[in-house]
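Remarks on the structure that follows.
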Amino acid sequence: RAPATLQRVIPTGRALHFSPAKRHDFSPPFTGAAKNMTEEFATYGLPVWFMWVVGGLKVLLALSLLVSFWRPELMRPAAIGMAILMLGAVGMHIKIGDALKKTTPALNVLILSLLVAFLPV
């Protein structure tokens, strides 16, 4: 089983960082001049509804990782799903030319998700 710490860091960190309810709060690092998630997704050229889809998927996958303590068969699919979302996030940061500092959180979660998904059980 992947280390329990990794299983907790990924879902709680991502679910708490990206909360659609906080879309009007400023909690850096946002992209460019964006002050909230709505503006950040607009910077990427993505519609507001997509922000809600991504947020919902992140929360669902984070909860799945937590539930995987009792249902281990959920761990790998949830971690792979989170990795796919983070790959998309890293791609968007690269697409608009963000500094590495702004890309690092998504890159870190991508790496942690891959570790959880592919470390020996």
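The values are calculated or read from the model by the stated rules, or taken from the named source; none is laboratory data. On a predicted model such as this, the values are computed, not experimentally measured, just so you know. All Cβ positions, even for glycine, are placed from backbone atoms using ideal geometry, and neighbour counts span all protein chains on display.
I'm trying to understand the selection: among the residues of segment 91-101, which are surrounded by fewer than 18 Cβ atoms within 10 Å (Cβ to Cβ) and assigned to a helix (DSSP H, G or I)?
GLY91, ILE94, LYS95, LEU100, LYS101
Is it true that some residue in segment 32-41 is touching a helix residue (DSSP H, G or I) at 6+ places or on another chain (Cβ under 7 Å), surrounded by 15 or more Cβ atoms within 10 Å (Cβ to Cβ) and modelled with pLDDT of 90 or more?
Scanning segment 32-41 turns up no residue that is touching a helix residue (DSSP H, G or I) at 6+ places or on another chain (Cβ under 7 Å), surrounded by 15 or more Cβ atoms within 10 Å (Cβ to Cβ) and modelled with pLDDT of 90 or more.
Restricting to segment 61-83, name every residue that is loosely packed, with under 13 Cβ neighbours inside 10 Å, without any contact (Cβ under 8 Å) to a residue 40 or more places away in the chain and assigned to a helix (DSSP H, G or I). I'd like the intermediate steps shown before the answer.
Narrowing segment 61-83 to residues loosely packed, with under 13 Cβ neighbours inside 10 Å: 70-73.
Now restrict to residues that are without any contact (Cβ under 8 Å) to a residue 40 or more places away in the chain: 70-71, 73.
Matches in segment 61-83: GLU73 only.
Specify the residue that is surrounded by the fewest Cβ atoms within 10 Å (Cβ to Cβ); the eligible residues are those in segment 45-60 that are free of Cβ contacts under 8 Å to residues at least 24 places away in the same chain and among the aromatic types (Phe, Trp, Tyr).
That would be TRP49.
When you go through (1) part of a helix (DSSP H, G or I); (2) of a type outside the set (Gly, Ala, Ser); (3) at pLDDT below 75 one by one for PRO29, which number turns out not to apply?
Among (1) part of a helix (DSSP H, G or I); (2) of a type outside the set (Gly, Ala, Ser); (3) at pLDDT below 75, the lone unmet condition for PRO29 is (1).
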